[in-house]
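Presented below is the structure to which this report refers.
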Amino acid sequence: MIDRKRCVTTLPITPVGRPNLGVVLAPFLADVFSKKLEIDNILALNLNGLKFSNENYEDRVSGYLSALRGLDIVPSCTWKDNEEENIPWINIIFNKLREENYISKELKSIIRCKCGAVESLTEAENISPSRALYASDKNRRYCKLCKTELREFHEFVYLFKPPAALMPREIFPYFYAKEMEAICFKFNHCKFLISRSRPSAFSLAFKDEEIFLDVDFVWQMFLPLLRRRGYKPEILIGGNKNLMACYFSIIMSQIVDQEDVFLVIPPYYLGPRRTSLKDEQYLSENLLSGYDSKSLRLLLATALNWRKKESIVDFELMNFISKMSYRIHSKKKTTNSANALVDLDGARIKNLLVQFKKTRDVFYSEELCGLI
Ligand SMILES: [Zn+2]
C-alpha cells in the first residue's frame, strides 16, 4: 500500500434527509481539517442498516448531501458501507480475523425474537446493544417491535473477541482517554456476537456456507476498507455518543493493518435551552435555508468547546455574524493536526469576530484558514 492519499474521515454516519446542525458537525470538522492540512475529506455513510426500512434511503442521502453543500462541504469521496466493491475485501478481512483467532465459530445459547431485531448471546444480555429493544413483563421478555416473546436457541454462531490491551493511542480531547481505557477494560475479555439469523444482515458467501453478519460489525471495518481504496486515514472524527463504535473501528484498524489514526471527539451540540438540537429542527432548517455557508460555518465554529462534552450553539450570534461575514476572509496557513486544533477554538473565534466587528475593514485571518 504505497502512495495512498492522506485523508480525514468521519465515523460512518446514518444520513438523515433533513439534518439539524448537530448532525453536520462531524462532516464540517472533517472538511475544516482537510482544508487546513490539504488532505482528502471522506464522508463515510452507513446504509446497510436502512436496507429494510420503509424510507427510501437514496432520498436520505441526497437530502443530507444537499444540506452539507449548504455549508460548503463537498467531500472528496463519499464512502458507503453497502457498496459492491467492499464485499471481496470484507471477505478477505473476515478470513484474516478468523485465521488469527479474533473470530471464532462456537455453539452458544442465543436469545431471539421472531423479527430478529433482538438477537444476542444469553450470557451477554447485559452488554448487548439489542437490550434496549426488549421489555420484561412478569418474567416474560418480549421484543418491543414485533411483540413476540424472546426464545432461547442453541446453535453455531460467529463471535468476535477484541484483543486485550489494545486501544486508540491518540485521542483529543485527552479526557476521553480514560473512558476509552474503561471500555477496553470492560470488554477485552468478552466475545461479541457478530453473526445474525435475519436476512436484513450483511450476507457473506463462502464455498461451503453463507454467513449473515451484523451490519455494525461490517461498517466498523471501514478504516481498513478505505486503505484498500487507496486512502491513508490520518484523522477520524468520532462522536461522544459513539465511543464504542470509535473503539471498535480503531481496534479493527490496528489488528488488520497495524495502523492507528488520530481520534478527534467533538462536543455534542445542544440548542439554546440546553435541549437536544433535534428539538431545534425548525430553527436549524431556517438557518440552513436562510444564511450563507460562510456565516453558518462561523456559527458552528463559535460553539467548539473542547473542554466540555457538550456545547451550546448561540443562535443569537447569527445576526451579527451574517452582517459582517462578507468582509472576513481566510488566509493560507501551513499547519499540522495538533496546531489545527488550537485554531479550532470557539472562544478564540468569537473573540476574533468581536474584534472584526469594531471596525469596517476587510479582514484576512490565518486562524480562520479552512474554516470559511
Ligand atoms: Zn422482534
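Quick note: the coordinates plus some simple rules give every number you see, no bench work behind them. No experiment lies behind these values; they were computed from the predicted model shown. Reconstructed Cβ throughout: ideal geometry from the backbone, glycine too, with neighbour counts over all protein chains shown.
Shape annotation for the chain: C-alpha extents along the principal axes are 74, 51, 37 Å, from largest to smallest. Legend: ranking of residues Asp137, Asp345, Asp208 from fewest to most surrounding C-beta atoms inside 10 Å; resulting order Asp208, Asp137, Asp345. Residues Thr122, Thr275 in ascending order of nearby Cβ atoms (within 10 Å, fewest first): Thr275, Thr122. List the relative contact order of the chain as a percent without decimals, with contacts defined as Cα pairs under 8 Å and 6+ residues apart. Answer for the chain is 19 percent. Paramagnetic label reach from Ala182 (point 7 Å along Cα→Cβ; backbone nitrogen cut-off under 18 Å): within the range 231-254, residues 239-248. For the range 137-254, the square roots a ≥ b ≥ c of the C-alpha gyration tensor eigenvalues yield an a/c of 1.5 or more together with a/b not exceeding b/c, which makes the shape oblate. Structure remark: mean-square fluctuation, Gaussian network model of the chain, C-alpha springs under 10 Å; the largest value among Ile237, Ile251, Ile349 belongs to Ile349. Other residues lying with their Cβ under 14 Å from the Cβ of Val264 contribute a combined charge of -3, Lys and Arg counting +1, Asp and Glu -1. Cysteines in the chain lacking any other cysteine Cβ under 4.7 Å from their own Cβ: Cys7, Cys77, Cys184, Cys190, Cys246, Cys369.
If you bin all the Cα-Cα distances of the range 77-184 at 5 Å, starting from zero, the percentages per bin are 2, 10, 13, 13, 14, 19, 16, 9, 4, 0, 0. Under a Gaussian network description of the chain, with springs only between Cα atoms under 10 Å, the residue in Lys51, Lys178, Lys161 that fluctuates furthest is Lys178.
Summing Lys and Arg as +1 and Asp and Glu as -1 over all other residues whose Cβ lies under 14 Å from the Cβ of Ile90 gives a net charge of -1. Across the options Ser322, Val261, Val157, the greatest Cα extent toward the positive end of the charge dipole of the chain (unit charges at beta carbon of Lys, Arg, Asp, Glu) belongs to Ser322.
Net charge of the neighbourhood of Val218, taken over other residues with C-beta under 11 Å away and scored Lys/Arg +1, Asp/Glu -1, is -2. Considering only Cα atoms, the convex hull volume of the range 187-244 works out to 144 Å³ per residue.
Relative to the longest principal axis of the Cα atoms of the chain, the long axis of helix 243-257 makes an angle of roughly 70 degrees.
The modelled label-to-label distance between Ser136 and Lys114, using points 7 Å beyond Cα along the C-beta direction, is 2.4 nm. Between Glu280, Glu55, Glu310, the residue with the greatest mean-square fluctuation in the GNM of the chain (Cα pairs under 10 Å linked by springs) is Glu55.
Each residue in Tyr231, Tyr102 was given a count of other beta-carbon atoms within 10 angstrom of its own, and listing them fewest first yields Tyr102, Tyr231. Charge dipole of the chain (Cα centre as origin; +1 on each Lys and Arg Cβ, -1 on each Asp and Glu Cβ, all else neutral): 880 debye, rounded to the nearest 20. Between the helical axis of 346-357 and the longest alpha-carbon principal axis of the chain there is an angle of about 20 degrees. Among the chymotrypsin sites (Phe, Trp or Tyr not before Pro) in the range 1-85, those placed in a DSSP loop whose Cβ has at most 16 other Cβ atoms within 10 Å are Phe52.
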